[in-house]
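Read the figures in this text as sums done on the coordinates, not as results from a lab. Note that the coordinates shown come from a computational prediction; the quantities given were computed from them, not determined experimentally. Note that we place each Cβ from the backbone using ideal geometry, even for glycine, and neighbour counts take in every protein chain shown.
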Amino acid sequence: MLNVKNLKIWLIAFVCLVVIAIVVGAMVKSKGSPAGPGLMRIAESREFSAPAGGGRMMAKYVSAAVARPENESPELKTVPKMIKTAELSLSVKSVQEAMDAAQEIVKTCNGYVSSTRLTRSEADYLEGESIYKVPADSFDAAIAKLEGLGRVVSRNINTQDVSEEFMDLSVRLVNYKRQEKALLALFERTGKVLDILEVERELSRVRTEAERIEGRLRAMKSKIDYSTINVSFSQVRATVPAAATSFLDVIKGAWSAALTALAGLFSAVLVSLVWLIVFVPVGLSIIAVIWLIVRRIRKG
């Protein structure tokens with residue numbers, strides 16, 4: 001009987017030791033991982049417990065989890081970003097030859113022709129317009145060479161600083177990429193259907209925003225790397241020299257002018273005679289009537 005009692009005591013002591021070992025092991029494991037599965041499950045349950053506004057709460061949680069100071073991202077430290085554009089109007093002897101020469105100039109500057117247009121005016125003069133893309137570091141050299149093709153009618157150069165906008169978009173893109181990684185990790189840990197759907201919705205939103213920003217950055221980088229030069233070509237208008245006049249031409253001109261003046265004088269005299277013939281009798285009649293009236297008044 002004593003042996004059975006001792007056996008029960010030893011068995012209870014062994015069970016207590018096993019329980020203590022399990023508890024100690026769990027504590028050591030939790031200390032080694034500051035954000036273990038237990039903490040993650042608590043965070044997830046807190047995020048998904050709200051029936052309304054869960055997406056905003058999750059985005060706030062993920063943003064806080066991935067937020068880092070900007071100075072920890074050396075890839076975002078960039079040089080100033082400039083978009084250069086130019087508009088030139090050139091008067092040339094031959095529009096076609098000038099456009100061919102301009103194309104060769106752009107090629108030597110490692111650029112390319114974006115678009116070109118050639119038309120003929122009503123006065124039978126050629127007019128052309130081309131848009132060229134050249135590397136930003138060859139912008140000034142290309143402008144100088146193009147201006148040498150003819151007479152510069154107008155020149156407009158614009159430089160736009162987009163450094164702040166480019167930096168802002170780059171930082172936002174990095175943050176969205178970090179949020180995407182955090183959401184993917186969260187997606188692997190969650191097991192509830194509602195939790196999975198909520199993570200998928202937030203992940204889709206983050207990816208859509210990241211792709212939109214990537215598109216804007218690509219378009220902006222293309223404009224930064226390659227400057228735009230818009231050149232208008234117009235053909236020089238030929239001036240017709242005045243014909244030399246001889247002495248005979250002078251005599252003819254003077255005679256023609258004299259005849260014109262004489263005709264004008266004759267016309268004026270003729271008009272005056274018509275006025276006299278028409279209005280003199282009428283005026284005399286009026287004077288006669290007035291004279292008769294005055295005479296009768298005096299006699300009476």
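The table that follows gives values for the structure above.
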quantity: Per-residue HN-Hα couplings for segment 221-234 [Karplus 6.51, -1.76, 1.60; θ = phi - 60°; Hz; x = Gly/Pro]; calculated: 5, 5, 6, 6, 6, 10, 7, 10, 10, 9, 10, 10, 10, 10
quantity: Peptide ranges 205-217, 81-93, 280-292 listed from the most packed, as the mean C-beta count within 10 angstrom indicates; calculated: 81-93, 205-217, 280-292
quantity: Cα-based reach from Lys81 at 20 Å (exclusive), listing aspartates and glutamates while leaving out same-chain residues under 8 positions away; calculated: Glu70, Asp137, Asp140, Asp161, Glu164, Glu165, Asp168, Glu214, Asp225
quantity: In Hz, Karplus ³J(HN,Hα) per residue of segment 105-120 (6.51, -1.76, 1.60; θ = phi - 60°; x = Gly, Pro); calculated: 4, 5, 5, 5, 8, 6, x, 8, 8, 7, 7, 8, 8, 9, 9, 10
quantity: Across Lys107/Lys223; Lys133/Lys221; Lys84/Lys221; Lys177/Lys223, pairs whose alpha-carbon gap is larger than 22 Å; calculated: Lys177/Lys223
quantity: Segment 168-181 - phi-based ³J(HN,Hα) in whole Hz, Karplus 6.51/-1.76/1.60, Gly and Pro as x; calculated: 4, 5, 5, 5, 4, 5, 4, 5, 5, 5, 5, 4, 4, 5
quantity: Amide H partners (placed H, <5 Å) of Leu149, local residues excluded; calculated: none
